[in-house]
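See below for the structure under consideration.
The values are calculated or read from the model by the stated rules, or taken from the named source; none is laboratory data. This is a predicted model, so every value here is computed, not measured. Ideal geometry is used to build each Cβ from the backbone, glycine not excepted, and the neighbour counts take in all protein chains shown. Surface accessibility is based on the protein's heavy atoms, side chains included, excluding ligands, DNA and RNA. Shrake-Rupley method; radii C 1.70, N 1.55, O 1.52, S 1.80 Å.
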Amino acid sequence: KNGKFYVRLSVTLPLPAIQPTKEFIGVDVGVRRALTCSDGYRGPDLRPIMKKQRVRQADRQRHLHPADFGLMTPQRQAQAHEARRLVSRALRSRRGIALESPDRLPRWKQWAARFLAKRVLLLAALAGVPCVLVAPPYTSLTCSRCGERDNTFRHREMFRCHRCGFTANADRNAALNIAHRASRVSCE
């Protein structure tokens, strides 16, 4: 291609045994933040990256360049980087990873969650880190401390439980709920 030779090489790797775990890092996927983890880590904001990509794509169309849809987009590159960081953090701390199941998310959030979930599942399998997909309904509307659920608890980015007084970032609260659900299902 373009005077250069490329080789596609398939390699079979033995996968390490998945280690049992007692604790999970819960991950809430979003667009405002690429991901928010239950251990307090918040990923980068994807909106400026997406805006820059839209401007770049418009410039390419204006100059009659072909579309570059098959390439790794900047937002996917950012998510791939975050997936590597997440798996390495889980491996170092000997914890598993609990992700929102992308099949059960709203449509506007699915593209980010689907790519991140596939990437994390692949990297976790190669590293031997346990990974669980959790159903995401009501994770950002349920209090991670007392378990009470109400639609009035969340206001934009803040979550406040009227029952126990717990206040936190809504995405971090959702990540804590995802980690709790994974621990209930997977741990003994």
Taking Cα atoms only, helix 170-186 is inclined relative to the longest principal axis of the chain by an angle, in degrees rounded to 10, of 80 degrees
Among the lysines, which have Cα under 30 Å from the Cα of residue 118 when same-chain residues fewer than 8 positions away are ignored?
1, 22, 51, 52, 109
Can you give the accessible area per residue of the chain, in Å², using a 1.4 Å probe?
64 Å²
Charge dipole of region 44-188 built from unit charges on the beta carbon (Lys, Arg +1; Asp, Glu -1), centred at mean Cα; most positive-end Cα among 74, 152, 99 is 74
Suppose every Lys and Arg Cβ carries +1 and every Asp and Glu Cβ carries -1, with no other charges. What dipole size does region 78-188 come out with about its Cα centre, to the nearest 20 debye?
220 debye
Furthest towards positive pole of dipole, 134, 20, 123, structure part the chain, Cβ charges:
123
Gaussian network model of the chain, Cα springs within a sub-10 Å range: biggest mean-square fluctuation belongs to which of 136, 20, 102?
20
At q = 0.23, 0.24, 0.25 Å⁻¹, what base-10 log of I(q)/I(0) does the Debye formula yield for region 35-101 when every alpha carbon is treated as an equal point scatterer in vacuo?
-1.01, -1.06, -1.12
In percent, what relative contact order does region 42-184 have, based on Cα pairs under 8 Å that are 6 or more apart in sequence?
19 percent
Taking Cα atoms, the helix 107-127 axis meets the longest principal axis of the chain at an angle in degrees (rounded to 10) of 90 degrees
About its Cα centre, the chain carries a charge dipole, from +1 on Lys and Arg Cβ atoms and -1 on Asp and Glu Cβ atoms, whose size in debye to the nearest 20 is 620 debye
Long-range alpha-carbon pairs in region 115-183, meaning those over 21 Å apart, account in percent for 33 percent
Given an 8 Å cut-off on Cα distances and at least 6 residues of separation, report the relative contact order of region 15-87 as a percent.
20 percent
Rounded to the nearest 20 debye, what is the charge dipole size of region 77-141 about its Cα centre when +1 sits on each Lys and Arg Cβ and -1 on each Asp and Glu Cβ?
180 debye
So which residue, out of 98, 58, 90, gets the largest mean-square fluctuation from a GNM of the chain using Cα contacts under 10 Å as springs?
58
Taking a ≥ b ≥ c as the square roots of the eigenvalues of the Cα gyration tensor, with a/c under 1.5 meaning rounded and otherwise prolate when a/b exceeds b/c and oblate if not, the chain is oblate
What angle, in degrees between 0 and 90 and rounded to the nearest 10, separates the Cα long axis of helix 74-93 from the longest principal axis of the Cα atoms of the chain?
50 degrees
